[in-house]
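The values are calculated or read from the model by the stated rules, or taken from the named source; none is laboratory data. Because the structure is predicted, anything quoted here is derived from the model rather than measured. FYI the Cβ positions are ideal-geometry reconstructions off the backbone, even for glycines, and counts take in every protein chain you see. For the accessible areas, the whole protein counts, side chains as well, though only heavy atoms, and no ligand, DNA or RNA atoms are used. Shrake-Rupley method; radii C 1.70, N 1.55, O 1.52, S 1.80 Å.
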Amino acid sequence: MSLFLDNAATSYPKPETVYRAIDAAMREIGVAPGRGGYRQSLTAARTVFETRSTLADFFGVPDSSRLVFTHSATESLNIAVSGLLKPGDHVVTTSMEHNALVRPLHLLRGRGVEVTFVQADREGRVSEREIAAAMRPGTRLVAVTHCSNVSGTIQPVGEIGKVARQGGAVFLVDAAQSAGYLPIDVIELGIDLLAAPGHKGLFGPPGTGILAIGEGIELEPLLVGGTGGNASSLEQPEILPERFESGTLNTPALAGLKAGVDFIRETGLEVIRAKEKLLVGMLLEGLSAMEEAVIYGPRGNDHGGAVSFNLGGRDASEVAFLLDAEYGIAVRAGLHCAPEAHRTLGSYPGGTVRVSPGFFNTEEDIAFFLQSLAGLARS
Ligand SMILES: Cc1ncc(COP(=O)(O)O)c(C=O)c1O
């Protein structure tokens, strides 16, 4: 069994209760939610409802019907930007974004939407002042990633939320690397649209994501079709969550997602974050002590779960390949779907080796990783 240090891609393993919840939902419920009046379908609908309420509560979303389920953070970001923006709108975003946001924005540029990318500093940080300076009267959206998937840089989303609001723009946060690690309350942080995967820090299975849509934010759906209600109308329902949830929902996956969030609540978000800080701190310290290693991004305590580095002049893919082949360690190499972030951090075009520990990793795992890397550096 290999040592998994690629939790920024998806968390693995999941808490035992997640596996059990999925298995039980497959075997004991198994039917489509909201499609029939029979008891089993109602049980499935209750499972979906409870997952929705749990997540809404977790992110401080006052009306749980405004938290919709998607298949990924990518889908959530696509709904958010394609559903909101019209030709002539202006968007302010940053040089640290993932392609999950950049590509949908690029597509919209072809349809008359203007996009300004605020350049982050060498550690990947943007300030609210720079965001404010890039805004103008037609700015409809400010979109930022809470925590970089390349460098672990954490953006001041609360401050950025304030300037977005002052400028009359909608505020979208990509919480792919922060949901389940950092406290997120959409009201406190002024977030109008929150996109998050279910399968990373929230410990749900792959194929889960959420989009929380603030009160008064009107979006066009990306997908229309059957929703289980109002079948006689040709029009997509206006009511949420149905407006954004066409097609049969994946009840077992959502049962697993609820178990994941329950696990976070029982464990304590602060305990999970403290563990992340501990392991990331060990990585930064170990890498700093290694002469051949170049670290990209911040070095301090205010660091998310992804740590990027290169080893001397060696190709990142070669280092990742050798870590796997010789030591059984799974890390990721390359541009991590965020080329502009690498331009910002100084690691373009070669990219970096990215290590991202998870809650179930131990200090021994990190010590083994550092030892293995030192062995590799000597070879
Ligand atoms: C910052 C960021 N945004 C968006 C995504 C896309 O997430 P998903 O795989 O759920 O679509 C990722 C995934 O790695 C990410 O790191």
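Data for the structure
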{"quantity": "Only one of ALA289, ALA255 that is open to solvent by less than 20 Å² (accessible area, probe 1.4 Å), over 12 Å from PHE359 (Cα atoms) and over 18 Å from the mean Cα position of the chain (by Cα)", "calculated": "ALA255"}
{"quantity": "Which listed residue is more than 16 Å from the ligand (Cβ to nearest atom), modelled with pLDDT of 95 or more and open to solvent by 20 Å² or more (accessible area, probe 1.4 Å), from GLY37, GLY112, GLY30", "calculated": "GLY112"}
{"quantity": "All positions within region 92-106 that are within 16 Å of the ligand (Cβ to nearest atom) and among the hydrophobic types (A, V, I, L, M, F, W, C)", "calculated": "MET96, ALA100, LEU101, VAL102, LEU105"}
{"quantity": "Odd one out for GLY281, checked against (1) assigned to a helix (DSSP H, G or I); (2) touching a residue at least 24 places away in the same chain (Cβ under 8 Å)", "calculated": "(2)"}
{"quantity": "Residue match in region 117-126 (condition: free of Cβ contacts under 8 Å to residues at least 40 places away in the same chain, assigned to a loop (DSSP other than H, G, I, E, B), in contact with a Ser or Thr (Cβ under 9 Å, 6 or more places away or on another chain) and open to solvent by less than 10 Å² (accessible area, probe 1.4 Å))", "calculated": "yes"}
{"quantity": "Flag if THR139 is polar (S, T, N, Q), in the same structural domain as ALA120 (by TED's automatic domain parsing), within 21 Å of ASN78 (Cβ to Cβ) and modelled with pLDDT of 95 or more", "calculated": "yes"}
{"quantity": "Exclusive hit being of a type in the set (A, V, I, L, M, F, W, C), over 30 Å from GLY124 (Cα atoms) and within 16 Å of the ligand (Cβ to nearest atom), set LEU211, LEU254, LEU240, LEU249", "calculated": "LEU254"}
{"quantity": "One residue from LEU194, LEU202, LEU222 being within 15 Å of the ligand (Cβ to nearest atom), touching a Ser or Thr at 6+ places or on another chain (Cβ under 9 Å) and not in a loop (DSSP other than H, G, I, E, B)", "calculated": "LEU194"}
{"quantity": "Some residue of region 343-366 being more than 24 Å from the chain's Cα centre (by Cα) and open to solvent by 50 Å² or more (accessible area, probe 1.4 Å)", "calculated": "yes"}
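Table: residues versus (1) among the basic types (Lys, Arg); (2) farther than 27 Å from ASP121 by Cβ.
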| position | (1), (2) |
| --- | --- |
| PRO339 | no, no |
| ARG343 | yes, no |
| TYR348 | no, no |
| GLY351 | no, no |
| VAL355 | no, no |
| PHE360 | no, yes |
| ASP365 | no, yes |
| GLN371 | no, yes |
| ALA377 | no, yes |
